[in-house]
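Visitor: Submitted below is the structure of interest, expressed as structure tokens.
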Amino acid sequence: MVSREPQITQNIDWVTLMLYMACVLMGWLNVYAAVYSPETQTGLFDLSTNAGKQLMWIGTTALLIIAILVINYRFWDTFAFVIYGITILSLLLVLVAGTNINGSRSWFKLGAFSIQPAEFAKLGTALALARYLDYPNVNLTKLKDQLWCAGIIALPAVLIIASNETGSMLVFASFIIMLYREGLPGIYPLIAIVVVTLFILTLIVPKLYLFIAILALGILIFFMTPRYQRSVQNVMVIGIAALSMILIVAGVDFFVNDVLQPHQQNRIKVLINPAADPLGAGWNVTQAKIAIGSGRLQGKGFLEGTQTKFDFVPEQSTDFIFCTIGEEHGFIGSMIVVSLFIFLLCRIVLLAEKQRTRFARVYGYSLAGIIFFHIMINIGMTIGLMPVIGIPLPFFSYGGSSLWSFSILLFIFLKLDSRRVGMFAR
């Protein structure tokens, strides 16, 4: 389905495009810095290194972008569920025919390159949610519609965790940002925040103190409630909420010790106390913080990072690419990168709010949520504020699957937005 209106391709938001190009260029240079060796002095275009391979991925990404801009914008709406179905099929297939890399059977091996279907599942899910919520009479205050959305999100998430790719599965929690914008009752995000908070507190505070605090909070809420609102129903709600919180606290040990796998348990322990196993599970986080801290204000300079050169930080060009940024460009360089991401997210949200169709708005907010979650987790884990769950930094980390999926996600939205701009121009 090729667009018969070529002028639509001229209405791309150039601010977002420039931000994207800046991210990709800086990402490529930092991938090169992460794999650069003073002994061999490999060049930027050496295809035997990650930097050279990343350049190839950038070239193929440019072809994908051109294809997206040429295809009629209606394609994504019309075939949203088809694309979703294809991603589900790929997640099923990888469980059978996938290659095990670092303990995760979530990759298709294609010669020297690997493709991870989980990265593209986010795209399929975003399109499917946008298509479903675009149906007339769909209202997220209705339980039926909430369950349908939950099912659309849960299906790929379950398949991804079945392939032992926990990090990619957690990214699907980002869709709650979009759902809340589209009318999901605030009680659901509140419950999620409370559960996460209690989980973290249980790991660092004795349970008895938490039980006392929960009971005290329940009693305080009861006495602060006006007398005319102290109905039996309200008292029961307060009681059920307090009991639920107590059960969550009591069940954390079971979840950590009997549900999580050993390597996941170690990541939780390292998050609470990185010094507990500095030469084992805590090695990545400890070395990452040393690398970033050693950059100080201005950094050591491009290609001058010692932590990077001597491979102290594993996965430097992928999950821990931010360490290279922090070490070689310091606090100033790190803040430039963070600011770049903030501007990109703000621009996406601004464009999403301007959309004339619910499909485009939902998709835009899904895109913003996915990118935000990746940035928060990736940077957070390198500075010890988040557990190490192995998800890439958008447009910066080495990898074709990551670059392809984020670029496709972004440029589908820009194509949808170009249609809105084109309609105003007539």
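The values are calculated or read from the model by the stated rules, or taken from the named source; none is laboratory data. Predicted model, so just to flag it, every value in this text is computed and none were measured. Glycine gets a Cβ as well: all are built from the backbone with ideal geometry, and neighbour counts include every protein chain shown. All accessible areas refer to the heavy atoms of the entire protein, side chains included, with ligands and DNA or RNA removed. Shrake-Rupley method; radii C 1.70, N 1.55, O 1.52, S 1.80 Å.
Visitor: Could the peptides 218-228, 356-366 be put in order, highest first, of the mean number of other beta-carbon atoms found within 10 Å of their residues?
Guide: Ranking, from highest mean packing down: 356-366, 218-228.
Visitor: What's the carbon and sulfur percent of segment 179-223's accessible surface, probe 1.4 angstrom, rounded to a whole number? Walk me through the numbers before you get to the answer.
Guide: Numbers: 2480 of 2920 Å².
Within segment 179-223, the accessible surface is 85 percent carbon and sulfur.
Visitor: Continuing with the same structure: With the cut-off at 1.5 for a/c, could you classify the chain from its C-alpha gyration tensor as rounded, prolate or oblate? Mind dumping the intermediate values first?
Guide: On the way: a/c = 1.79, a/b = 1.15, b/c = 1.56.
Oblate.
Visitor: Follow-up. For every helix of n ≥ 4 consecutive DSSP H residues, a contribution of -39,500 (n - 2.57) applies; sum these over the chain, divide by its total residues, and give [θ] at 222 nm rounded to the nearest 500 deg cm²/dmol.
Guide: Values: 17 runs with 286 residues, N = 426.
It comes out at -22500 deg cm²/dmol, rounded to the nearest 500.
Visitor: In terms of Cα to Cα distance under 20 Å, which aspartates and glutamates are near enough to LYS144, apart from those fewer than 8 places away along the same chain?
Guide: Straight-distance partners of LYS144: ASP134, GLU182.
Visitor: Specify whether the C-alpha gyration tensor of segment 335-389 places it in the rounded, prolate or oblate class, a ≥ b ≥ c being the square roots of the eigenvalues: rounded for a/c under 1.5, otherwise prolate if a/b is larger than b/c and oblate if not. It would help to have the intermediate numbers written out before the result.
Guide: On the way: a/c = 5.53, a/b = 2.00, b/c = 2.76.
Oblate.
Visitor: Oh, and also: Taking a cut-off of 13 Å between Cα atoms, list the aspartates and glutamates near LYS207, but don't count ones fewer than 8 places away on the same chain.
Guide: Correct list for LYS207: ASP253.
Visitor: Sticking with this one: So what is the relative contact order of segment 108-182, in percent, for Cα pairs below 8 Å that sit 6 or more residues apart? It would help to have the intermediate numbers written out before the result.
Guide: Numbers: 34 pairs, mean separation 19.6, N = 75.
Answer for segment 108-182 is 26 percent.
Visitor: Under 1.5 on a/c is rounded, so check that first for segment 171-306, then, if it is not, pick prolate when a/b is larger than b/c and oblate when it is not; a ≥ b ≥ c are the square roots of the alpha carbon gyration tensor eigenvalues.
Guide: The shape class here is prolate.
Visitor: Just order 19-27, 139-147 by mean Cβ neighbour count inside 10 Å, highest at the front, would you?
Guide: Numbers: 19-27: 18.4, 139-147: 12.7.
Taking the mean over residues of other Cβ atoms within 10 Å, the ranking is 19-27, 139-147.
Visitor: Under 28 Å from the Cα of LYS142, which lysines turn up, not counting those fewer than eight places away in the same chain?
Guide: Counting by Cα, and skipping residues close in sequence, LYS142 has these lysines nearby: LYS122, LYS354.
Visitor: Quote the accessible area belonging to ASP258 in square angstrom, nearest 10, computed with a 1.4 Å probe and with ligands, DNA and RNA left uncounted.
Guide: Here the residue's solvent-accessible area equals roughly 110 Å².
Visitor: Just the accessible area per residue of the chain, please: how many Å² with a 1.4 Å probe?
Guide: Details: 20570 Å² over 426 residues.
Spelled out: the 1.4 Å probe surface of the chain, per residue, equals 48 Å².
Visitor: Give me the percent of the accessible area of segment 333-404 that comes from carbon and sulfur atoms, probe 1.4 Å, all protein chains in place.
Guide: Here it works out to 75 percent.
Visitor: Using the crude model of +1 on Lys and Arg Cβ and -1 on Asp and Glu Cβ, and no other charge, please compute the dipole size for the chain relative to its Cα centre, in debye to 20. Display every interim value, and only then the final one.
Guide: On the way: 28 positive and 21 negative charges, 265 e Å.
So the dipole magnitude of the chain works out to roughly 1280 debye.
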